[in-house]
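I have placed the structure first, in the form of structure tokens, so that the comments after it can refer back to it.
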Amino acid sequence: MSEKYPFLSPQWIEAARNLRKEAMDKTGKIEFELRMNQIVTDLPFEETELRTYIDTSQGFLDLEMGELENPDVTVTIDYETAKALFVDQNPQAAVEAFMSGKIKVTGDLTKLLALQGNVLSFESAEGIPALIKSITL
């Protein structure tokens, strides 16, 4: 059984990266490039916000702490919505949050929309969402 970590903790990010890299080694690379900064608010831990980025240029969804220079898009999202989207794979939660102003987007919105059709579909086909859930508290 996998160890479980709080969503977006440094340990969770490392474990999720390793799961995605292993999947890429077995199945091939994602052919869609996105460089996205995320600002996650309303965290259950002590920080007031967390800055992470997603970069798919290496062929897998690489989620890291920090920020990219010149991202395609920057998303500000609350913790619960981010968890619903990335762990529970609930796109309806993201749509509702976007419509109610809980998700703010600057930059290329079309790249963000393409993320779901390209990367998240690839990950679903490879069973990655179930693996991500298995490591998340």
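Listed values, structure above:
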quantity	calculated
Residue list for the stretch 5-47, restricted to those being farther than 19 Å from Ile132 by Cα, over 13 Å from the mean Cα position of the chain (by Cα) and in contact (Cβ under 8 Å) with a residue 40 or more places away in the chain	Glu31, Phe32
Within the stretch 24-115, helices (runs of 4 or more DSSP H) holding 2 or more residues that are at pLDDT below 95 and closer than 25 Å to Lys4 by Cβ	79-86, 91-99
Which numbered condition Leu109 misses (of (1) out of contact with any strand residue (DSSP E or B) (no Cβ under 6 Å at 6 or more places or on another chain); (2) in contact (Cβ under 8 Å) with a residue 12 or more places away in the chain; (3) among the aliphatic types (A, V, I, L, M); (4) surrounded by 16 or more Cβ atoms within 10 Å (Cβ to Cβ))	(4)
Top-ranked residue of the stretch 73-95 - restricted to ones that are touching a residue at least 40 places away in the same chain (Cβ under 8 Å) and crowded, with 19+ Cβ neighbours inside 10 Å, ranked as farthest from Asp108 (Cα to Cα)	Lys83
Residues satisfying the stated conditions in the stretch 42-66, i.e. farther than 15 Å from Trp12 by Cα, out of contact with any Lys or Arg (no Cβ under 6 Å at 6 or more places or on another chain) and surrounded by 17 or more Cβ atoms within 10 Å (Cβ to Cβ)	Thr56
Filter result for Lys102 (touching a helix residue (DSSP H, G or I) at 6+ places or on another chain (Cβ under 8 Å), over 19 Å from Leu19 (Cα atoms) and of a type in the set (Lys, Arg))	yes
Matching residues, the stretch 2-26, being in contact with a helix residue (DSSP H, G or I) (Cβ under 8 Å, 6 or more places away or on another chain) and at negative phi	Ser2, Glu3, Lys4, Tyr5, Pro6, Phe7, Ala16, Leu19, Arg20, Ala23
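The values are calculated or read from the model by the stated rules, or taken from the named source; none is laboratory data. From a predicted model like this one, the values you see are computed outputs, not experimental measurements. Note: ideal-geometry Cβ built from the backbone for every residue, glycine included; neighbour counts use all protein chains shown.
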